[in-house]
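Asks: The structure is given below, and queries will be raised subsequently.
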Amino acid sequence: MAGPRKLALRDRGAPAAAKTKAVEPWPIMVVDDDEQVHEMTRVLLRDLEFEGRPFKCVSATSAAEAAAILDLAPEIPVILLDVVMETPDAGLRLVRHIRETLGNRSVRIILRTGQPGDAPEREVVLAYDINDYKSKAELTAQRMFTALVGALRAWRDITTIADLNKTLAELNVSLEQRVADRTRQLEESGQALARSKQRAETALARETEAKTQLRQFLSMVSHEFRTPLAIIDSSAQMLRLRAEQGDPAALPRIDTIRGGVQRLLGLIDTCLADEQLDSGRIVLHEKVFDLAPMIEVTLSHHRVATPTHKYIAQLKGPLMVWGDPGMVALALNNLVGNAAKYSPSGGEVNVIGHHDGGDVAIQVIDQGIGIPDEDLPSIFERFHRATNARGIPGSGIGLHMVRQIVEMHGGSITVESEVARGSRFILRLRAPPGSGKEKTT
Ligand code: ADP
């Protein structure tokens, strides 16, 4: 035999309750001092169901009892409330208590009155946050169901919005926290950056100060050393003249003294010129001049200073260039000096000069110790000396100075070298337009 038919409505879009899961009934609070009303409501609710969940009656026979229950169970969604109980307006007072004292704005309240005159509908609905108003006589099973479903949907919407608001507020708080954290981090990294900048500025100021001191020291050394060196050199020259007449055996020693003096003077010149070039304090006195005679003069100086080597010039000139003759001579002198210094006694130093496109190219070639591959990339760095040059006196400044001079002239310097076979330094300088005539010396 078929059981009683249940009046049921499933909300559209809401999932059906899983059959295996225990179904939690909707708690509906009935507040009425008439026991029969409770009994009748229980009977009506017994056969109803919404979204697969039945209804459960939570009974209170007075407003005071209802307030106590609600205090403990604020999640009750709907109250069916009588007006006249312990006092004529006990129901209405309960509404105020629920909304204002308990702060419960979500519970839906359906007022059920015995007689419509008990509480005039329009005033009551407006004055007391009541959601529905029914007379007990009109509440049939169908009407009760419709009223409950409406109230439950409204309650669910309100609680969903409240939950969303709560989540939103929490997200806001965490967002604000994250913004505050990030701001603090940015401030900290900004401060760290400012500290690093400050440190870098201090280091730079110290370095500038150290460079200035070094410059002053070099200038002092050059002036203070130059005079005594000149005195030593002229005395040695006089001794040489006397030795030539009376004591020829002393000549080599005197020449050693002069050679040492010349080396020191050359080193002082190189240091000063390099430092001046580096600080940008040098002013070029540029003009068009012929490199060919300059090369010849340089070689003849070296023939006197280092007669142990052969110096050969192959010049297709005139080799007119645009530049500062003093500076170019310094660079040339350095390359030729190195070619002799890093070659064995009796070695050849070849200087080849010719026009090449719009440039004049000068090659300084020797058959000396050469430069190891690993040193080649840094050979023009200041103070860099190749590993195979350790036993030979030098400062590592000359090639750096040569590169600075050449670059200031808009030219270039390159090197090709092989250990124990020799080196070829190629220096290029700009030729003035139309100066490509050839002459061989
Ligand atoms: P240094 O006073 O040491 O000669 P330079 O700056 O003139 O300083 O040269 C740097 C280094 O390059 C030298 O120490 C040497 O190792 C290498 N070098 C320069 N010229 C030659 C060369 N013609 N043959 C071999 N090595 C050279």
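The values are calculated or read from the model by the stated rules, or taken from the named source; none is laboratory data. Keep in mind that what you see is a predicted model, and the values were worked out from it rather than measured. Virtual Cβ from ideal backbone geometry, glycine too; neighbours counted across all protein chains shown. For the accessible areas, the whole protein counts, side chains as well, though only heavy atoms, and no ligand, DNA or RNA atoms are used. Shrake-Rupley method; radii C 1.70, N 1.55, O 1.52, S 1.80 Å.
Asks: Could you put 309, 97 in order of accessible surface area, largest first, with the 1.4 Å probe and the full protein assembly present?
Replies: Ranking 309, 97 by accessible area, largest first, yields 97, 309.
Asks: Next question. In nm, to one decimal, how far is the residue 232 label point from the residue 169 one, both placed 7 Å along Cα→Cβ?
Replies: With each label placed 7 Å out from Cα toward Cβ, I get 9.2 nm.
Asks: With the alpha-carbon atoms as the only input, what is the per residue convex hull volume for region 284-430 in Å³? It would help to have the intermediate numbers written out before the result.
Replies: Values: hull volume 14.9 nm³, N = 147.
Taking the convex hull of the Cα positions in region 284-430, it is 101 Å³ per residue.
Asks: Distance cut-off 23 Å, Cα to Cα: go down the list 56/134; 134/166; 56/136 and report the pairs above it.
Replies: Over 23 Å Cα-Cα: 134/166.
Asks: A follow-up question, please. Could you give each residue of region 39-46 its phi-based ³J(HN,Hα) in whole Hz, using Karplus coefficients 6.51, -1.76, 1.60 with θ = phi - 60°, and x for Gly or Pro?
Replies: After applying 6.51 cos²θ - 1.76 cosθ + 1.60, I find 4, 5, 5, 4, 5, 5, 6, 4 Hz.
Asks: Would you please give the FRET efficiency between residue 136 and residue 207, computed as 1/(1 + (r/R0)^6) with r the Cβ-Cβ distance and R0 = 60 Å, to the nearest 0.05?
Replies: 0.05
Asks: Just subtract the alpha-carbon distance of residue 373 and residue 296 from 0.36 nm times their residue separation and send over the number in nm, one decimal.
Replies: Gain on stretching residue 373 to residue 296: 24.6 nm.
Asks: Also, quick follow-up: Collect residues whose amide H, placed 1.01 Å from N in the peptide plane, falls under 5 Å from the amide H of residue 319; neighbours closer than 5 in sequence don't count.
Replies: Amide H neighbours of residue 319, under 5 Å, 5+ apart: 291, 292.
Asks: How much of residue 128 can a 1.4 Å solvent probe reach, expressed as accessible area in Å² and rounded to 10?
Replies: Accessible area of residue 128: about 50 Å².
Asks: On to the next question. Quote the charge dipole size of the chain about the Cα centre in Debye, to the nearest 20; the model charges only the Cβ of Lys and Arg (+1) and of Asp and Glu (-1).
Replies: That gives a dipole near 1380 debye.
Asks: Taking amide H positions as placed in the peptide plane 1.01 Å from N, state which residues far from residue 349 in sequence (5 or more) or on other chains have amide H under 5 Å from it.
Replies: 310, 311, 312
Asks: 7 Å from Cα along Cα→Cβ at both residue 72 and residue 154: what's the point-to-point distance in nm?
Replies: My value for the distance between the label points is 2.8 nm.
Asks: Can you give the net charge of the other residues whose Cβ lies under 9 Å from the Cβ of residue 90, counting K and R as +1 and D and E as -1?
Replies: Computed value for this residue: -3.
Asks: Right, another one. Tell me the net charge near residue 164. Cut-off is 11 Å between Cβ atoms, residue 164 excluded, with +1 for each Lys or Arg and -1 for each Asp or Glu.
Replies: -2
Asks: Which trypsin sites (Lys or Arg not before Pro) in region 69-107 pass both tests, a DSSP loop state and at most 14 other beta-carbon atoms within 10 Å?
Replies: Values: sites: 93, 96, 99, 105; in loops: 105.
Loop-located and lightly packed - 105.
Asks: Please calculate how many Å² of accessible area region 293-369 carries per residue, with a 1.4 Å probe and no DNA, RNA or ligand atoms counted.
Replies: Solvent-accessible surface per residue comes out at 39 Å².
Asks: How much accessible surface area, in Å² rounded to 10, belongs to the heavy atoms of residue 145 with a 1.4 Å probe?
Replies: Per-residue accessible area (residue 145): approximately 10 Å².
Asks: Moving on. Can you give the % of DSSP beta bridges in the chain that are antiparallel, to the nearest 5? Intermediate values should be presented prior to the final figure.
Replies: Numbers: 29 of 57 bridges.
Around 50 percent antiparallel, to the nearest 5.
Asks: Express the accessible area of region 26-139 per residue in Å², computed with a 1.4 Å probe while the remaining protein chains stay in the model. Intermediate values should be presented prior to the final figure.
Replies: Working: 5230 Å² over 114 residues.
Per residue, region 26-139 has an accessible area of 46 Å².
Asks: Heavy-atom accessible area of residue 26 with all protein chains present, probe 1.4 Å, nearest 10 Å²?
Replies: Roughly 10 Å² of residue 26 is accessible to a 1.4 Å probe.
Asks: Now a separate question. Determine ³J(HN,Hα), in whole Hz, for all residues of region 359-366 in sequence, where each value follows from phi through the Karplus function 6.51 cos²θ - 1.76 cosθ + 1.60 and θ = phi - 60°; x replaces Gly and Pro.
Replies: Values, residue by residue: 10, 10, 10, 10, 10, 10, 10, 9 Hz.
Asks: What are the residues whose amide H is under 5 Å from the amide H of residue 133, where those residues sit 5 or more places off or on another chain and H is modelled from the backbone?
Replies: 111
Asks: What does the charge count around residue 110 come to, taking other residues whose C-beta lies under 10 Å from its C-beta (Lys +1, Arg +1, Asp -1, Glu -1)?
Replies: Local net charge: +2.
Asks: Under a point spin-label approximation (7 Å from Cα along Cα-to-Cβ), what is the residue 285-residue 392 distance to one decimal in nm?
Replies: 3.3
Asks: Hey, another quick one. May I ask you to evaluate 6.51 cos²θ - 1.76 cosθ + 1.60, the Karplus curve with θ = phi - 60°, for each residue of region 176-190 and list the ³J(HN,Hα) values in order in whole Hz, giving x for glycine and proline?
Replies: Rounded to whole hertz, the list is 4, 4, 5, 4, 5, 4, 5, 4, 4, 4, 4, 4, 4, 5, x.
Asks: Then there is this: Tell me the carbon and sulfur percent of the accessible area for the chain, rounded to whole percent, probe radius 1.4 Å.
Replies: It is 57 percent, rounded to a whole number.
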